[in-house]
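K.L.:
Quick one: the structure is below, questions incoming.
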Amino acid sequence: MQNITTTFKKFFYLWRRSQVPVKQPTKISRIDNLIIFLVCILISIISSYKLLLISPLSFTVIFSWLLTFTEILISSGILILISKKENPTISSRQIILIISLLLTVQSAKLALASTISPLSIIIPPALIISQGMGSITALTWVSIATLSWPDPAVAINNNLIFNLLVCASVVSLLGGRIRSRAQLLQLSIFVPIGSFLCQWILIGKDKISVINEQSFVLSKEDIFSDSLLLAIVMLFTILFIPIFESIFGLLTKARLLELADKEKPLIRRLSLEAPGTFEHTLLICGLAEEASRMIGGDIDLIKTGALYHDVGKLHAPNWFIENQNGSKNPHDELDDPIKSAAVLQAHVDEGLKFARKNRLPKLIANFIPEHQGTLKMGYFFQKAKEKHLDINENYFRYKGPIPQSKETAILMLADGCEAALRAMNIDASDKEALETISNIIYSREKDGQLDDCNLSKGEIFLIKRAFLNVWKRIRHRRIQYPTSKNNTFS
């Protein structure tokens, strides 16, 4: 019986270890929660108050109003929960943006639903949300915004509702995948064209009005006008997306690719003032990008974060061995392990200052401290022990925090494996390389550096294979070509 109990305990232990850790959502302050709740109440009031204007005011009318009010309030809560589920690190500003857009749309329906098509009211905000918060959040937002109309007197054709849902869903799905401003422009052209064709097939042939008593400045009850207005509003939305990125801290794919441009001032400085660190950064990018692709992570995020993770070394490039080019090591002249450890910690602190000065998004700035976590500066700790200094080990650890996401955890592992793999003999076997990778990753696990990230055991195994694959690609031999006095061969 005891053996059976022990077996079950081992089984459940292994099961728990194999599962992906639950990612704790970012805590939101009470003030922000209160603001969010009040906005949700306001959305519910705007969406339902017209029911109370129906006379005579009976119990049935009041009950209908209360039901609609509660439904909208619960829907807003569900929208917030889904946004947190899709983006555990979502900030209060971004949640406020989502519900503020819903509030704006509900208000616009009251003011404009009798004059313009709902396509131009609902689709542009869906593009903003899908770009900044993801497709699932955008689809949820579209569902709530489409199905809840504050004015029961405004009748909408069923074919138009179908067209609206299709177009908004396409924008929500594609918006979360778009990687450049040019693709956004293409979307702003092709979606209105698709909407026009859909309305012409479903509505135009029978000359059914888009909305009862619709009036638009270009042409009343004209499906071409609806599509043209949608295209214009989407173009203006694209122009304003960078402003939303700045105010609400949105990190779109296009913004990530812009930050990853190696001609950006901070990256350019790194390549000129700390060339060894820059080359080290590029190698880490290759490892981290392949590992992220293997486990389905955010490749654009990790590639951009990797480029900026060591910018703090700009404060003193020659104190880091990759930039010394055989010259004297300042740490040897300093001959003080404690001060040397402070210099290493300073590259994290200074990196965060560079990030603030250059207005890097928080998700990118997180790579700077989290890629080091609370790792021990083993070399200088050993030097202190050799000098018989009675120093606590914590003095030789980075301040952290430890990695809080898959991407920052992968970068930490890539940072640890890069130097070890590059130092290996070119004749080393795959087994030796994999053993080296496994030992480094195991040491990080044992030290508790991966406790708060979202990596499962299966994903860690895939990361090891990804690192091995990259190492196999970069360790190729080159033959010595014969040369003569007058020519060379390539």
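K.L.:
Scan the stretch 306-325 and tell me whether some residue there is buried (at least 22 other Cβ atoms within 10 Å of the Cβ), closer than 27 Å to residue 256 by Cα and of a type in the set (Asp, Glu). Spell out how you get there, then give the answer.
P.N.:
Within the stretch 306-325, the first condition is being buried (at least 22 other Cβ atoms within 10 Å of the Cβ), and the residues that meet it are 306-313.
Of the ones still in play, those that are also closer than 27 Å to residue 256 by Cα are 306-313.
If we keep only those that are of a type in the set (Asp, Glu) too, we end up with 310.
Looking for residues that are buried (at least 22 other Cβ atoms within 10 Å of the Cβ), closer than 27 Å to residue 256 by Cα and of a type in the set (Asp, Glu), one finds at least one in the stretch 306-325, hence yes.
K.L.:
What pairs come up if the first residue lies in the stretch 439-453 and is on the phi > 0 side of the Ramachandran plot, the second is surrounded by 15 or more Cβ atoms within 10 Å (Cβ to Cβ), and their beta carbons are under 8 Å apart, counting only those six or more places apart or on different chains?
P.N.:
So the pair list comes out as 448/374; 448/402.
K.L.:
For the stretch 390-403, check the following and say yes or no: at least one residue is in the same structural domain as residue 277 (by TED's automatic domain parsing), over 22 Å from residue 285 (Cα atoms), of a type in the set (S, T, N, Q) and part of a helix (DSSP H, G or I).
P.N.:
yes
K.L.:
Shifting gears a bit: Within the set of pairs 6+ apart or on separate chains, which have a first residue in the stretch 326-353 that is assigned by TED's automatic domain parsing to the domain that holds residue 270, a second that is acidic (Asp, Glu) and surrounded by 13 or more Cβ atoms within 10 Å (Cβ to Cβ), and C-beta atoms under 8 Å apart?
P.N.:
Taking only residues 6 or more apart or on different chains, the pairs are 347/310; 351/310.
K.L.:
If you don't mind, there's one more thing I want to ask. Mind checking which pairs have a first residue in the stretch 390-401 that is on the phi > 0 side of the Ramachandran plot and a second that is of a type outside the set (D, E, K, R) and not in a loop (DSSP other than H, G, I, E, B), Cβ under 8 Å, 6 or more apart or different chains?
P.N.:
Final answer for the pair search is 400/369.
K.L.:
Same structure, new question: Could you tell me which residue of the stretch 457-481 is surrounded by the fewest Cβ atoms within 10 Å (Cβ to Cβ), considering only residues that are at pLDDT 90 or above and either hydroxyl-bearing (Ser, Thr, Tyr) or touching an Asp or Glu at 6+ places or on another chain (Cβ under 6 Å) (or both)?
P.N.:
470
The values are calculated or read from the model by the stated rules, or taken from the named source; none is laboratory data. None of the values given here were measured: they were computed from a predicted structure. Don't worry about glycine lacking a Cβ; one is built from the backbone with ideal geometry, like all the others, and counts go over all protein chains shown.
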